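Novice: First, the structure itself, so that you have it in front of you.
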């Protein structure tokens, strides 16, 4: 008798649970939960659930994974010379001690590189500052850039200027454009370079991050002479300063040596000395670095100190402890003031000779 009751009770309970679970499934199936999602990335490792709204949200995903430089996908049937493990540049070092590429002419195949990046189709932002008399350099920079800078890729030149009427009308290739951003004038050239970090930080945050995957910061008083291609792209690319890339002990680098400055680097530390006239990388990584340079400069200003080489000093401090993923040789920024050595097979971009006393707002002082 008791055995039969127990069996009946179990059967009824099982049927009830089946009916209940079916009802719950039907109810949940009819609930619509709106969500947005992008592929996981270093800025968006996981979704964030807003319990109050029952909505899945994510942080801004700065770069579509298909445009990351790690996705080295090449089309089948591409014709190019077979690479060698035994021959190549022997007069220069082509890898850093943290195993990052050190890029020189002859260390990459442009046919392979161009095919890989053309498939990614990245959007590249170039930020330049042209205030005061520096607007005279815009025409040469833009026209030469259209011949040699990331040819075939989508590029937007973001020009910060206090003289919008002086921005020249330059013919641009398909997929390339100019965006003019008004900024106030400056009384000192030091304020000019420091203000570039400020305006870039604000504009990346409000506008550029929605329009680009990679970003380069460049000085406008420069002209492109040869290919400056996709081999320059990486998570973060730094350029060796032409004046300090060989036969100089790191204690001879013009780092900021005053402990009072946020850019301070102690003696006995350092890898290379990098220029602040050209640097680039993933949009969000560049945003962090640009913002860092700006905020560190502001902290110095509160303490009545200015780093010896302004944003370049802060840039070198950052790269010392946050290694760049790729180091570009001085081919990627030479200067018309200096004759290249035998190790410089070609000059990709070079800074122009100019009368600093004439073009700078405070006479070069």
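Novice: Give the calculated FRET efficiency between residue 303 and residue 163 to the nearest 0.05, with a Förster radius of 35 Å applied to their Cβ-Cβ distance.
Specialist: Computed FRET efficiency for residue 303 and residue 163: 0.55.
Novice: Also, I was wondering about something else. Beta carbons within 10 angstrom, averaged per residue: use that to sort the peptides 290-299, 309-318, 115-124, 235-244, highest first.
Specialist: Details: 290-299: 20.0, 309-318: 23.8, 115-124: 18.3, 235-244: 22.2.
In descending order of packing, they fall as 309-318, 235-244, 290-299, 115-124.
Novice: Give me the extension gain from residue 206 to residue 174: residue separation times 0.36 nm, minus the current Cα-Cα distance, reported in nm with one decimal. Intermediate values should be presented prior to the final figure.
Specialist: Numbers: separation 32, 0.36 × 32 = 11.52 nm, distance 2.51 nm.
Between residue 206 and residue 174, full extension yields an extra 9.0 nm.
Novice: So for the pair residue 322, residue 76, with labels modelled 7 Å out along Cα→Cβ, what separation do we get in nm?
Specialist: Taking the two extended label points, one gets 4.2 nm.
Novice: Please report 91, 166 as a ranked list, fewest other C-beta atoms within 10 angstrom at the top and most at the bottom. Please report the intermediate quantities before stating the final value.
Specialist: Values: 91 10, 166 15.
So the ranking, lowest neighbour count to highest, is 91, 166.
Novice: Then there's this: When the Kirkwood hydrodynamic radius is evaluated over all pairs of different C-alpha atoms of segment 273-338, what value in angstrom, to one decimal, is obtained?
Specialist: 13.0
Novice: For segment 123-165, just the Cα atoms, rotate onto the principal axes and tell me the three extents in Å, largest first.
Specialist: 31, 18, 13
Novice: Right, another one. Give me the one-decimal nm value for the distance between modelled label points at residue 93 and residue 358, 7 Å along each residue's Cα-to-Cβ direction.
Specialist: 4.1
Novice: Moving to a separate point now. Compute the length gained on full extension between residue 251 and residue 147: take 0.36 nm times their separation in residues and subtract their Cα-Cα distance, giving the result in nm to one decimal.
Specialist: Extending this stretch completely gives an extra 33.5 nm.
Novice: In Å and on Cα atoms, what radius of gyration and Dmax does segment 211-365 show?
Specialist: Gyration radius and largest Cα-Cα distance of segment 211-365: 15.8, 45 Å.
Novice: Quick one: in segment 78-187, what % of C-alpha pairs are over 18 Å apart?
Specialist: Values: 3785 of 5995 pairs.
Counting pairs separated by more than 18 Å, the tail of P(r) holds 63 percent.
Novice: Still on this structure, I have one more. Could you tell me the center-to-center distance, by alpha carbons, between segment 229-287 and segment 143-178 in angstrom?
Specialist: Taking the Cα centre of each part, segment 229-287 and segment 143-178 sit 27 Å apart.
Here, each number is a calculation from the coordinates, and none is a lab measurement. Treat the numbers as computed from the prediction; the structure is a model and nothing was measured. So basically every Cβ, Gly included, is an ideal-geometry build from the backbone, and we count neighbours across all protein chains shown.
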